[in-house]
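Asks: The structure is given below, and queries will be raised subsequently.
The values are calculated or read from the model by the stated rules, or taken from the named source; none is laboratory data. If you're wondering where the values come from, they're calculated on a predicted model, not measured in any experiment. Cβ placement follows ideal geometry from the backbone for every residue including glycine, while neighbour counts extend to all protein chains displayed.
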Amino acid sequence: MSDKIVFIGVLASSNSIQDLKAFRGYLCIENGVITGVGANETFEDLKGKGKFDDFQIQYLEPNQFLMPGFVDCHTHAPQFPNIGLGLDRPLLEWLDKYTFPLESRYKDVEFAAKVYDRVVQRLLQNGTTTACYFGTLHKEGSLELAKSAIKHKQRALVGKVSMNIKNDAGYYNATRKELNETEEFVQCILHYKNELVQPVVTPRFAVSCDTELMSGLSQIARKYDCHIQSHISENRKEIEHVLKYFSGYQTYSEVYDRSGILTKKCIMAHAVYLSEKEMEVFARKGVSVAHCPASNTRLRSGLCPVRKLLNNNVVVGLGTDVSGGDSASILDAVRRTMDVSTHLEFQGNPEHAINWREAFYLATLGGSHSVESGS
Ligand code: GUN
Ligand code: FE
């Protein structure tokens, strides 16, 4: 393919959640960078002046259109071998029975490299040009995920999962080891000096991490100015467990907040049961929510009130959350976002419905706001 290419046809992209622009025009790319977008008339004008003489010109078919790549704000690359399987248990049982045993296998770096290379390609084939990944507890295996994203030129945030609370699979680390390995992992990825791939500090969730670990991890995120990601208020039993274990805390958000995790570089998956007060904290601190409708339904976690989050000025993007979610596709997440919002509407909340323009925004620009690198 030529280094300079101009596409002619229908272009669609969101300016804001309310404003989706679709128009006939052109988009030109030089050495992989978009260098011009405009209306048909401008294209004809520039073409007349010889601007595109050395460009390959590609006319889109009448049924084709160009749009920004999808952003998957939350997925678990190591869980892809389980996609569509083992969805018969609620969250905490599902983790113990299916997920921790699978993730334990990524101690084997060769296995990790093989799975991750397929995962990255699968996401790209589904139009996901940016992904925010959970890896596993293993530093070397999770670095393979970053290497695959670099190889296939996907924009990615890659996290080595951190856990220090015991479980039956023996899938956790001692606190000191975990903090050292996380810092080394962050440094390794930064040393790759790849502008598309960045590290993300990844405390799994408050069921798997104590406050000492979470505070240490938030300090690492601050030290290297990188993102931090976790799960919050996905499932009622999970919330009960957290509030029982962390006595003296009023809410799940407070557990993360007092550990220094809630910043504008923080992406929290699920947020199905946040109170309005917690939403207000998220909005004030600039914390983003990755809405994961497939997983929330398949693990019977609940119906996330996305409209309420938006009305409370929380930044929202979409996540596939494989393998709690059963699809690798953000287009599927778009449909399921609309479905879940319609189910809330059926329950007597007419304002909850998310229309297709809004869902398109969440899958693209909304997601990009969640993962953007500005500090
Ligand atoms: N909460 C903690 N870990 C996980 C996970 O792997 N998947 C989902 N859906 N929720 C979690
Ligand atoms: Fe998840």
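Asks: Among the residues in region 89-107, are any of a type in the set (Asp, Glu) and either more than 13 Å from ligand 1 (Cβ to nearest atom) or not in a helix (DSSP H, G or I) (or both)?
Replies: Scanning region 89-107, I find no residue that is of a type in the set (Asp, Glu) and either more than 13 Å from ligand 1 (Cβ to nearest atom) or not in a helix (DSSP H, G or I) (or both), so the answer is no.
Asks: Go through (1) among the hydroxyl-bearing types (Ser, Thr, Tyr); (2) part of a helix (DSSP H, G or I); (3) touching a helix residue (DSSP H, G or I) at 6+ places or on another chain (Cβ under 9 Å); (4) within 16 Å of ligand 1 (Cβ to nearest atom) for Ser148 and report which single condition fails.
Replies: (4)
Asks: Taking the condition surrounded by fewer than 15 Cβ atoms within 10 Å (Cβ to Cβ), modelled with pLDDT of 95 or more and touching a Ser or Thr at 6+ places or on another chain (Cβ under 9 Å), does Asp88 pass?
Replies: Values: surrounded by fewer than 15 Cβ atoms within 10 Å (Cβ to Cβ): yes; modelled with pLDDT of 95 or more: yes; touching a Ser or Thr at 6+ places or on another chain (Cβ under 9 Å): no.
When the stated conditions are applied, Asp88 does not pass them.
Asks: Quickly run through region 275-302 and pick out the residues that are more than 24 Å from Phe360 (Cβ to Cβ), more than 12 Å from ligand 1 (Cβ to nearest atom) and either in a strand (DSSP E or B) or in contact with a Leu (Cβ under 8 Å, 6 or more places away or on another chain) (or both).
Replies: Answer for region 275-302, where residues must be more than 24 Å from Phe360 (Cβ to Cβ), more than 12 Å from ligand 1 (Cβ to nearest atom) and either in a strand (DSSP E or B) or in contact with a Leu (Cβ under 8 Å, 6 or more places away or on another chain) (or both): Val281, Lys285.
Asks: Here is a follow-up. So, of the residues in region 72-85 that are of a type outside the set (A, V, I, L, M) and part of a helix (DSSP H, G or I), which turns out to be surrounded by the fewest Cβ atoms within 10 Å (Cβ to Cβ)? First the steps, then the outcome.
Replies: The initial filter retains those residues of region 72-85 that are of a type outside the set (A, V, I, L, M), namely 72-76, 78-82, 84.
From what's left, part of a helix (DSSP H, G or I): 78-82.
Details: Pro78: 29, Gln79: 23, Phe80: 18, Pro81: 14, Asn82: 20.
Among them, the one singled out is Pro81.
Asks: Could you check, for region 223-240, whether at least one of its residues is assigned to a helix (DSSP H, G or I), within 16 Å of ligand 1 (Cβ to nearest atom) and without any contact (Cβ under 8 Å) to a residue 24 or more places away in the chain?
Replies: Among the residues of region 223-240, at least one is assigned to a helix (DSSP H, G or I), within 16 Å of ligand 1 (Cβ to nearest atom) and without any contact (Cβ under 8 Å) to a residue 24 or more places away in the chain, which makes the answer yes.
Asks: Then there is this: Can you tell me which residue among Leu190, Leu157, Leu179 is away from ligand 1 (no atom under 15 Å from the Cβ), of a type outside the set (Ser, Thr, Tyr) and under 19 Å from the mean Cα position of the chain (by Cα)?
Replies: Working: Leu190 fails: under 19 Å from the mean Cα position of the chain (by Cα); Leu179 fails: under 19 Å from the mean Cα position of the chain (by Cα).
It is Leu157.
Asks: Is it the case, given these coordinates, that Phe111 is over 13 Å from Ala77 (Cβ atoms) and not in a strand (DSSP E or B)? Please lay out each step first, then the result.
Replies: Values: over 13 Å from Ala77 (Cβ atoms): no; not in a strand (DSSP E or B): yes.
No; evaluated as a whole, the condition is false for this residue.
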